[in-house]
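A short worksheet on the structure shown next.
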Amino acid sequence: MDWNRIEGNWKQFKGKIKEKWGELTDDDIDRLEGNREQFEGKIQEKYGIGKDQAKRNVDDWLKNLQ
């Protein structure tokens, strides 16, 4: 799945995001509005991981979405 589809349907993917990254609040997710760079930054912040790891995590998540 590509990020453009996620961005265009951000509210629909909110539940799947919460399943994968439960540390993110609804407010966090709403404020991101589908911006991948900000999304990866928020994952870094909440999980204390590096930028490269956050990007890999998002890439892996995208590959596994149906």
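Quick note: the coordinates plus some simple rules give every number you see, no bench work behind them. On a predicted model such as this, the values are computed, not experimentally measured, just so you know. Cβ: placed from backbone, ideal geometry, glycine included. Neighbour counts: every protein chain shown.
Out of everything in the stretch 1-31 that is over 16 Å from Lys63 (Cβ atoms) and among the β-branched types (Val, Ile, Thr), what residue ends up being surrounded by the fewest Cβ atoms within 10 Å (Cβ to Cβ)?
Result: Thr25.
If I ask for residues that are over 10 Å from the mean Cα position of the chain (by Cα) and either among the charged types (D, E, K, R) or not in a helix (DSSP H, G or I) (or both), which ones from the stretch 8-26 would you list?
Matches in the stretch 8-26: Asn9, Lys11, Glu19, Gly22, Glu23, Thr25, Asp26.
Kindly indicate whether any position in the stretch 41-49 is touching a Phe, Trp or Tyr at 6+ places or on another chain (Cβ under 7 Å), surrounded by 11 or more Cβ atoms within 10 Å (Cβ to Cβ) and part of a loop (DSSP other than H, G, I, E, B).
No; the residues of the stretch 41-49 include none that is touching a Phe, Trp or Tyr at 6+ places or on another chain (Cβ under 7 Å), surrounded by 11 or more Cβ atoms within 10 Å (Cβ to Cβ) and part of a loop (DSSP other than H, G, I, E, B).
Taking Gly34 as meeting all but one of (1) over 11 Å from the mean Cα position of the chain (by Cα); (2) surrounded by 13 or more Cβ atoms within 10 Å (Cβ to Cβ); (3) of a type in the set (Gly, Ala, Ser), write down the number of the exception.
Every condition holds for Gly34 apart from (1).
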